[in-house]
Amino acid sequence: MRAASSPRLAALDYLRLVAALSVVAYHWLFWGPEHGEIPSPGAPALSAVAAYGFLGVELFFLISGFVIFWSANSRDAASFAAGRATRLYPAFWAGVLLTTATLVVTGQAHLPEVVPRVLANLTMVPAAFGQAQLDGVYWTLTLELEFYAVVLLFLLVGRRRWLEPFFAVWAIVMLITNLLSPGLAAIPLLGGLFSLFAGGAIIAAIGRTGWRPLNTIGLAASVLSSVLATIHHTESGEDPLSTDPLVVSAVVVALFALVFFLTRPRAARLRLPGSRTAGALTYPIYLCHAVFGYALLNNIDIPGGWGRYALAFAIVLAVAACVHFGVEKAAGPFWRRLFHVLLAVPIGRLPRRAGGVTDAP
């Protein structure tokens, strides 16, 4: 059985949006009120359900692993690096500027003092410069960037065909780490939520080449490792989570199953209205919903409570649309040219094997 040859699947676009909305619900209805960032919505039952919305991040990582595997198998190192940078950075830079403006306007930061932090955040890896994230939700993008770097390394050395077995072996190693030495899982790429990236990639590999023993074992290892990593992540974090480990485990397994079945040929043939726009708005919504969203919820005064949430989300959605259609789409040719010059051209000048254009033994 073969999956579609393109990562542009309508069902996955809608799934991305569901993941983003889950994270918004988590922060607006549970995490924000619990940490005193925004007023409580006064709906305990809804907050208890929203507490599981953090699993939207796990879904993002699964989908990312799937899409990046397909992207890496259809591009060389130069086009892969430029394409990923074009996808990640323009909207992110807009989000950083919006977050900075929000912090300054609301008095949470003073511009002269925050400039070094802003400059470090524009790289997406502020910790490398001794700076903290401007917005707490940006931590996921650092993991995303590290995952891209791993894939790019294989393309640079001209070993694209090694990606499929690597992801399976990687998942198995992460499971062993989680089971035998959980402390080592904190080391980058040795465990944690990277098992979700590996799992998504293995699902894509199965769709491309079919079930193989190593892929089958790798997928099982990825599911179990992701369950363990997610539970550990919730128990060791700062969040006063009141989630049930059994429910968390069941949801993680269900997310794997959902991504698997929505990427099978029958689902891949679905043509869903508005799916491309839904998928495109997901990233800007994620970037704008936290610091900026909290500021809106703290400053909008509408009787009745829920009107504040509706208006705040409408504004976040409008800003996300501006980021996508204005920054990403309208300025798309500029960004593609910029990253072509900054990344594709230098990588393309590397020796043939380093350019990732050969898989010769």
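The values are calculated or read from the model by the stated rules, or taken from the named source; none is laboratory data. Since we're looking at a predicted model, the values are computed, not measured. When we count neighbours, we look across all protein chains shown, and the Cβ atoms used for this are built from the backbone with ideal geometry, even at glycine. For the accessible areas, the whole protein counts, side chains as well, though only heavy atoms, and no ligand, DNA or RNA atoms are used. Shrake-Rupley method; radii C 1.70, N 1.55, O 1.52, S 1.80 Å.
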- Ala43 paired with Thr123, simple spin-label distance in nm, labels 7 Å along Cα-to-beta-carbon: 4.2 nm
- Message: Nothing charged except the Cβ atoms of Lys and Arg (+1) and of Asp and Glu (-1): what's the magnitude of the dipole of region 146-297 about its Cα centre? Round to the nearest 20 debye.
- Response: 1080 debye
- Item | Model label zone, Leu189; criterion: amide N under 19 Å from point 7 Å along Cα-to-beta-carbon; scope region 80-111 | 80-82, 84-85
- Query: Quick one: if you stick a label point 7 Å off each Cα along the C-beta vector at Leu111 and Ala331, how many nm between them?
  - Reply: 1.9 nm
- Hydrodynamic radius (Kirkwood) for region 1-101, which is based on Cα pairs only, to one decimal in Å: 16.0 Å
- Message: If I stretch the segment between Leu180 and Leu342 completely, what's the gain in nm (0.36 nm per residue apart, minus their alpha carbon distance), one decimal?
- Response: 54.1 nm
- Item | For region 125-201 versus region 275-342, the gap between their alpha-carbon centres in whole angstrom | 27 Å
- Message: If N is the number of residues in region 34-159, what value comes out of its Cα radius of gyration divided by 2.2 N^0.38 Å?
- Response: 1.30
- Kirkwood hydrodynamic radius (C-alpha pairs) into Stokes-Einstein, region 247-332, 20 °C and 1.002 mPa s, D in µm²/s: 137 µm²/s
- What does the helix-only formula give at 222 nm for the chain: each DSSP H stretch with n ≥ 4 adding -39500 (n - 2.57), the total divided by the residues, and the result rounded to the nearest 500 deg cm²/dmol? -21000 deg cm²/dmol
- Query: Say we join alpha carbon atoms closer than 10 Å with springs in a Gaussian network model of the chain; which of Asp13, Asp301, Asp135 then has the biggest fluctuation?
  - Reply: Asp301
- Specify the residue with the greatest mean-square fluctuation among Ser47, Ser181, Ser275, computed from a Gaussian network of the chain linking alpha-carbon atoms under 10 Å apart. Ser181
- Query: Farthest toward the dipole's positive end in the chain, which of Ser275, Gly56, Leu297, given Cβ charges of +1 (Lys, Arg) and -1 (Asp, Glu) about the Cα centre?
  - Reply: Ser275
- Task: Treat each spin label as a single point 7 Å out from the Cα along the C-beta direction, and report the Leu153 to Ala250 distance in nm.
- Result: 3.9 nm
- Message: Compute a Gaussian network model of the chain, connecting alpha carbons closer than 10 Å, and tell me which residue from Val345, Val327, Val96 fluctuates the most.
- Response: Val345
- Pop out the carbon and sulfur fraction of the accessible area of the chain as a percent, whole number, probe 1.4 Å. 68 percent
- Query: Given 20 Å bins starting at zero, what is the percent of C-alpha pairs of the chain in each, up to the one with the largest pair distance?
  - Reply: 28, 61, 12, 0
- Query: About the Cα centre of the chain, what is the dipole size in debye to 20, counting +1 per Lys and Arg Cβ and -1 per Asp and Glu Cβ, all else neutral?
  - Reply: 2000 debye
- Task: Based solely on C-alpha atoms, express the radius of gyration and the Dmax of region 108-171 in angstrom.
- Result: 16.4, 50
